[in-house]
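Please treat every number below as a calculation from the coordinates, not as lab data. All figures in this text were calculated on a predicted structure; none of them were measured in a lab. Quick reminder, even Gly has a Cβ in these numbers, built from the backbone with ideal geometry, and neighbours come from all protein chains shown.
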Amino acid sequence: MRRLPAAATVLFLSVTGCAGKEITSDERLDRETANLAVKESPKAGELEKLNCEDTAEELNKARNVNRPETERLADYITLYDSLRKRIQTFDDAMTRNPDLQYREGATSIVNAREVCIQQTADVRGEFETYVRELVDVPTVQEIKGGNTVTIARLDFNTLRQAIETLNPDDKDSLLNRVGNAEKKVSASTEPPAEGTGGGKRRGGK
């Protein structure tokens, strides 16, 4: 019997091997379902420990008018992001396992999710009010060397991040106003001051 060249033998085995590994659409669906199962959602016990009633300290820090405004804004961003992620955790778990809403003791999980939704809405309202106040008056005037100069009320990049995080309908307009304020500060005879509070300084648009 005539022997096949080594290369032809390898090709033949490769082709027949691939053909033997063909899977049906049902098998493919089973495989994809198994892959999804690997990404386990939080267990009911873990969800019961998740709540949004422990945010008082972070919220009070963000509200503290005696702190630099850049730091206050950064705290609002962090808190708002954290609350949204908690809601997302609840939603992901309930989507992957709808029975969580109907098991014994599920009322506490559903109620905790509702508290998170309400707390997030309250923080967003407060956060957005503060952001719009800063956009309305993004600079302050200060006396330096006998001259009045315009400086930044806070770090403009943090203000941009806050606007992006909130993502309001007029986001582009707000970002443009921040950009115009930055140009005004750059044109000033003094360099912009980053992360300053400006509590006793005179505001300017």
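The table below lists the values:
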{"item": "Trypsin sites (Lys or Arg not before Pro) lying in DSSP loop within the stretch 59-117, provided at most 11 other Cβ fall within 10 Å", "result": "R103"}
{"item": "Sparse-neighbour loop sites [GluC sites (Glu not before Pro); the stretch 102-157; at most 15 other C-beta within 10 Å; DSSP]", "result": "E104"}
{"item": "Cut-off 12 Å between beta-carbons: net charge of the residues surrounding V115, Lys and Arg +1, Asp and Glu -1", "result": "-2"}
{"item": "Cα gyration tensor shape of the stretch 42-188, rounded if a/c is under 1.5, else prolate or oblate by comparing a/b with b/c", "result": "prolate"}
{"item": "Inter-label distance for E53 and V115, nm, one decimal - labels placed 7 Å from Cα along Cα-to-Cβ", "result": "0.3"}
{"item": "Inter-site label distance for D91 and V65 at 7 Å from Cα along Cβ, in nm", "result": "3.5"}
